[in-house]
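See structure below.
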Amino acid sequence: MDAGSHTWPPPAPSPPPFSSRPRASPSPHRRRRRHSKKQHKPPPAQPPPTPSPAPQGADYSALPPELVHRALAASCASDVAAASRACRAWRDALRPLREAAALHAYGRRVKHGPVAGAAARGGGGGGRIEAERQRALGLFRRAARLGSAAAMVDAGLMCWEEGRRVEAVEYYRSAAELGHPVGMCNLGVSYLEADPPKAEQAIRWFYPSASAGNARAQYNLGLCLQNGKGIKRNQKEAAKWYLRAAEGGNVRAMYNICLCYSYGEGLAQDPVRAKRWLQLAADCGHKKALYECGIKLCACQENIHHLHATQWQPF
């Protein structure tokens, strides 16, 4: 073999076939002891420790004031005590609010269901639903007295549904003064639906609610700007609020912004965007949008038939 056929590194030298040192054969007893299963038993698997359940109410508001003062010694004692009292107050306020929300959701779920049908047929389901509603209203009122703005809004909604509009407006006003966007919007709507309507006061509450992102307030503000209710008519500003409300999911605003794009009212004409918003409103169940989509589809189908008729040639 030539030198060019060698590879690097060179192969290791093989051991000599014979050795002058005698090889000691291992003892069979030692091998048996080494591989005996009895000598090497794996330790029994220990079950994983079960985590201890978290104590109920183990939060900042449940700590004793003395322990809070020691943990936050660097802070001002009066500030820590005030924070502890605030946490305890909110915990007490949210407890009836959660229970009332669950009862109210249950009442709305079965309002048009089998229980309501049994009540209409003279069954006993209606009394139970009414009792649950009154219990939920009582809990909302209790949470509202403790300072919860969300409970004020829900209590106002239930009073409005039951026809006690004066009481509902008071709850809305309390929530609006605390800065709740839904409370401000509902207070503005109640001013619009008053007899006589108070559009100027409604606009006063629609603006902060719409600026906070409430889609219903944005739609109502756009409607007032378009029709000049309580404010100078401004179609461009109305289209701006319609667009924000439509992007926030308000179905009526979707249809109105479709009209703005179709006729160029407050916005530049854009048939493509008008069609897109019309389709979105129809998908959300808006009646006029559904009707107009149907009309457009029928017109499109007639155009296709007319095109086929003009292209047909006799044999």
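State yes or no: is SER262 closer than 19 Å to LYS288 by Cα and free of Cβ contacts under 8 Å to residues at least 24 places away in the same chain? So that I can check it myself, show each step before the final result.
Details: closer than 19 Å to LYS288 by Cα: yes; free of Cβ contacts under 8 Å to residues at least 24 places away in the same chain: yes.
Taking the combined requirement at face value, the residue satisfies it.
Quick check: anything in the stretch 206-226 basic (Lys, Arg) and under 24 Å from the mean Cα position of the chain (by Cα)? I'd like the intermediate steps shown before the answer.
So in the stretch 206-226, the residues basic (Lys, Arg) come out as 216.
Then keep just the ones that are under 24 Å from the mean Cα position of the chain (by Cα); that gives 216.
Yes: the stretch 206-226 contains one or more residues that are basic (Lys, Arg) and under 24 Å from the mean Cα position of the chain (by Cα).
Return the residues of the stretch 268-285 that are over 15 Å from ALA245 (Cα atoms) and not small (Gly, Ala, Ser); say none if nothing qualifies.
Within the stretch 268-285, GLN269, ASP270, PRO271, VAL272, ARG273, LYS275, ARG276, GLN279, ASP283 qualify.
If I ask for residues that are over 25 Å from the mean Cα position of the chain (by Cα) and either outside any helix (DSSP H, G or I) or free of Cβ contacts under 8 Å to residues at least 24 places away in the same chain (or both), which ones from the stretch 160-172 would you list?
Going through the stretch 160-172, the residues over 25 Å from the mean Cα position of the chain (by Cα) turn out to be 162-170.
GLU162, GLY163, ARG164, VAL166, GLU167, ALA168, VAL169, GLU170 - these are the residues of the stretch 160-172 that are over 25 Å from the mean Cα position of the chain (by Cα) and either outside any helix (DSSP H, G or I) or free of Cβ contacts under 8 Å to residues at least 24 places away in the same chain (or both).
Test GLU177 against the stated conditions and say whether it is within 20 Å of ARG252 (Cα to Cα) and surrounded by fewer than 22 Cβ atoms within 10 Å (Cβ to Cβ). Give the derivation first.
Details: within 20 Å of ARG252 (Cα to Cα): no; surrounded by fewer than 22 Cβ atoms within 10 Å (Cβ to Cβ): yes.
No, not satisfied.
When the stretch 218-238 is examined, which residues are found to be of a type in the set (A, V, I, L, M, F, W, C) and either farther than 26 Å from SER190 by Cβ or in contact with a Ser or Thr (Cβ under 8 Å, 6 or more places away or on another chain) (or both)? Break it down into steps so the answer makes sense when it comes.
Initial filter on the stretch 218-238 (of a type in the set (A, V, I, L, M, F, W, C)): 221, 223-225, 231, 238.
Across the stretch 218-238, there are no qualifying residues.
Identify all residues within the stretch 173-189 that are part of a helix (DSSP H, G or I) and closer than 20 Å to SER148 by Cβ; write none if there are none.
Just the residues of the stretch 173-189 that are part of a helix (DSSP H, G or I), to begin with: 173-177, 181-189.
Selection gives ARG173, SER174, ALA175, ALA176, GLU177, PRO181, VAL182, GLY183, MET184, CYS185, ASN186, LEU187.
Tally the residues that are crowded, with 18+ Cβ neighbours inside 10 Å and more than 19 Å from TYR191 (Cα to Cα), restricting the search to the stretch 133-167.
The qualifying residues number 13.
If you check ALA217, ALA212, ALA194, which single one turns out to be of a type in the set (Gly, Ala, Ser), modelled with pLDDT under 95 and under 23 Å from VAL169 (Cβ atoms)?
Working: ALA217 fails: modelled with pLDDT under 95; ALA212 fails: modelled with pLDDT under 95.
Result: ALA194 is the single residue among ALA217, ALA212, ALA194 that is of a type in the set (Gly, Ala, Ser), modelled with pLDDT under 95 and under 23 Å from VAL169 (Cβ atoms).
The values are calculated or read from the model by the stated rules, or taken from the named source; none is laboratory data. Note that the structure is a prediction, hence the values are computed from the model and not measured. With ideal geometry, Cβ positions are generated from the backbone for all residues, glycine too; neighbour counts draw on all protein chains shown.
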